[in-house]
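The values are calculated or read from the model by the stated rules, or taken from the named source; none is laboratory data. Just so it is clear, the structure is predicted and the values come from calculations on it, not from any experiment. A quick note on method: Cβ atoms are made from the backbone with ideal geometry, for glycine too, and the neighbour counts reach across all protein chains shown.
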């Protein structure tokens, strides 16, 4: 029998290969595979469903990830997908595969983070499945949300001349991860080693305890703005903007000087001898919102806080480009974090 | 810090411990943890959500489980939970953690089983998540279904004198598993060994490619029968009947001679020197429906095919009993398969 290695396709290629012939047959199925969440109809009101699978050793390292933070983050990354559809998360189910080295107290810690996130975002835990795992800790969370039919924002609605915005700042979570990985390799073998994270708390928080941008979705709604397309930045600005462009059959122009970067991120990139723009483009796990709005809304958007104009949508034949500080055009590539590539 | 071993609580004890203080805060949350599926409201129409996490080495052994069957079963066990609420499965999301030894063709096999199940049961695959796994194959499926508000059947509605029914027959899946495990230990080390499963196909099919009882739910609806309580038998008749009794604040009396057992199951139990009633009570993975209906429906129920009257509900103070063939009363215990108990 033929054997094709999975690494030859990559994550998106594999999903596309396996699901390309899947059709929607049920009246209630509005949108299937290919957006932040699936969309189902209930007499005009829409139900959104998204799911995330987190595996120990792939998505998190328990050496430096407190279980309470992990519970918080596992919930929040799902809420983020619902907000990215302009929806409201309402319920989650939580399935856990638990390794033998865990105690009941460990799981209490994990659940305390989950519950805190649910309390803050107004979401109920309604079900799940708990089993033992022969190996690492396995977390599968599914989030159900709601949205009005006419307010759902997909990835495929960006139009030529639309403005591209991102919330918050980018790259901090990735630098937080680099910092944790460095300290881990330093203190491995020395039990009394106390890592010094002074002045880098923001980077650690962005990595270990990210927030979903409920506030941005609320602000846009308050000002009557419905984006033409939206996605949350989990794989990296570059990769996620390309998702929007491909699904909208559009090109884009992104301006390097406009990409929002926090001071701590810049300092840490310098320390690690990394290009901070590359970090912001490809780092991922920012959970900021990336969205497009029609050009005529420019002045209205200008008055809003916490969002940044980073570029605009172009015709598809113009491709996907980053305009650098010195005016060069560089092609954008999906170099986001790929857990299926051979490592 | 205190350390309490998880095995001291068991699966249900652990879930209860972690979730006992969880409250429903959202208007749309109708039913949370503790039934076959969670229930959400959408203007009177109800959305059902259930999820299952399947881990290699815990829930399946790839040495004797064809990937196509595994895909089929992974979908069907979720459909079964929706039918057990008297609902209709509509969509699933599929998250996979893929080990490096898998090829694209392996995943095509798995997906072909998933797709076949979805085609047969009329369900759409609408999303998911795919990642690599450092260890075994990880499958997390979430199923969304619908039901009319007044037709949803919970576990907590059984009343004194209600009749207890099961569909199909019990214990075959467990005997299929025993058979596969025995052949595995025989052929380990001998690559040319061909196991002889002649005459035991039914047992293997029940274990490797079970069906959800869509037909039973349809038959009951056709005859205008809404059970007072229902559950699907995944942990075993004994354990699952106790779930109904505990949540309905009721007792039960089950009659050994009425428990439906297939001929192949009985023969195989004899071969393995096992008590066939114990197998039927505690084997699990039958995915048959266990439900209760009011006593006055007795004659109407008598005319239906494919279901078996196995006992009746009693007041809670009368406890949970099996009446054996020789008229003894034995207390029912939840000895169902417990993946969290120390092994």
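Tell me, yes or no, whether the stretch B:108-119 has at least one residue that is surrounded by fewer than 19 Cβ atoms within 10 Å (Cβ to Cβ) and free of Cβ contacts under 8 Å to residues at least 40 places away in the same chain. The answer is yes; a qualifying residue exists. Across the stretch A:7-23, not a single residue is classified as touching a residue at least 40 places away in the same chain (Cβ under 8 Å) and in the same structural domain as residue A:111 (by TED's automatic domain parsing). Would a scan of the stretch A:59-71 turn up a residue that is facing chain B (nearest Cβ under 10 Å) and buried (at least 19 other Cβ atoms within 10 Å of the Cβ)? Yes, the stretch A:59-71 contains a residue that is facing chain B (nearest Cβ under 10 Å) and buried (at least 19 other Cβ atoms within 10 Å of the Cβ).
The set of residues from the stretch A:97-117 being facing chain B (nearest Cβ under 7 Å) and touching a strand residue (DSSP E or B) at 6+ places or on another chain (Cβ under 6 Å) comprises A:97, A:98.
The set of residues from the stretch A:47-56 being more than 15 Å from residue A:230 (Cβ to Cβ) and either facing another protein chain (nearest Cβ under 7 Å) or surrounded by 24 or more Cβ atoms within 10 Å (Cβ to Cβ) (or both) comprises A:47, A:49, A:51, A:52, A:53, A:55.
For every residue, the table says whether it meets (1) buried (at least 22 other Cβ atoms within 10 Å of the Cβ); (2) closer than 30 Å to residue B:133 by Cβ.
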{"residue": "B:15", "(1), (2)": "no, yes"}
{"residue": "B:20", "(1), (2)": "no, no"}
{"residue": "B:23", "(1), (2)": "no, no"}
{"residue": "B:26", "(1), (2)": "no, no"}
{"residue": "B:41", "(1), (2)": "no, no"}
{"residue": "B:73", "(1), (2)": "yes, yes"}
{"residue": "B:79", "(1), (2)": "yes, yes"}
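Taking (1) more than 15 Å from residue A:152 (Cβ to Cβ); (2) at the interface with another protein chain (Cβ under 7 Å from one of its Cβ atoms) in turn, residue A:21 satisfies each apart from (2). The listed residues are A:224, A:176, A:157, and the only one of them that is at positive phi, outside the structural domain of residue A:74 (by TED's automatic domain parsing) and either modelled with pLDDT of 95 or more or not in a helix (DSSP H, G or I) (or both) turns out to be A:224. Residue A:240: surrounded by 16 or more Cβ atoms within 10 Å (Cβ to Cβ) and part of a helix (DSSP H, G or I), yes or no? Taking the combined requirement at face value, the residue satisfies it. Residue B:83 falls short on exactly one of the conditions (1) over 16 Å from residue B:140 (Cα atoms); (2) in contact with a helix residue (DSSP H, G or I) (Cβ under 7 Å, 6 or more places away or on another chain); (3) surrounded by fewer than 23 Cβ atoms within 10 Å (Cβ to Cβ), and that condition is (3).
Scanning the stretch B:123-134 for residues that are free of Cβ contacts under 8 Å to residues at least 40 places away in the same chain and not in a strand (DSSP E or B) yields one hit, B:134. Scanning the stretch B:126-144 for residues that are at pLDDT below 95 and touching a helix residue (DSSP H, G or I) at 6+ places or on another chain (Cβ under 7 Å) yields one hit, B:130.
The set of residues from the stretch A:24-36 being at the interface with chain B (Cβ under 7 Å from one of its Cβ atoms) and either under 17 Å from residue A:234 (Cα atoms) or within 23 Å of the chain's Cα centre (by Cα) (or both) comprises A:32, A:33. Of the candidates A:21, A:52, the single residue that is closer than 26 Å to residue A:244 by Cα, modelled with pLDDT under 95 and in a loop (DSSP other than H, G, I, E, B) is A:21. Just one of the listed residues (B:325, B:333) is touching a helix residue (DSSP H, G or I) at 6+ places or on another chain (Cβ under 6 Å), surrounded by fewer than 17 Cβ atoms within 10 Å (Cβ to Cβ) and assigned to a loop (DSSP other than H, G, I, E, B), and it is B:325. Being within 14 Å of chain B (Cβ to nearest Cβ), outside any helix (DSSP H, G or I) and on the phi < 0 side of the Ramachandran plot holds for only one residue in A:141, A:120, A:164, and it is A:141.
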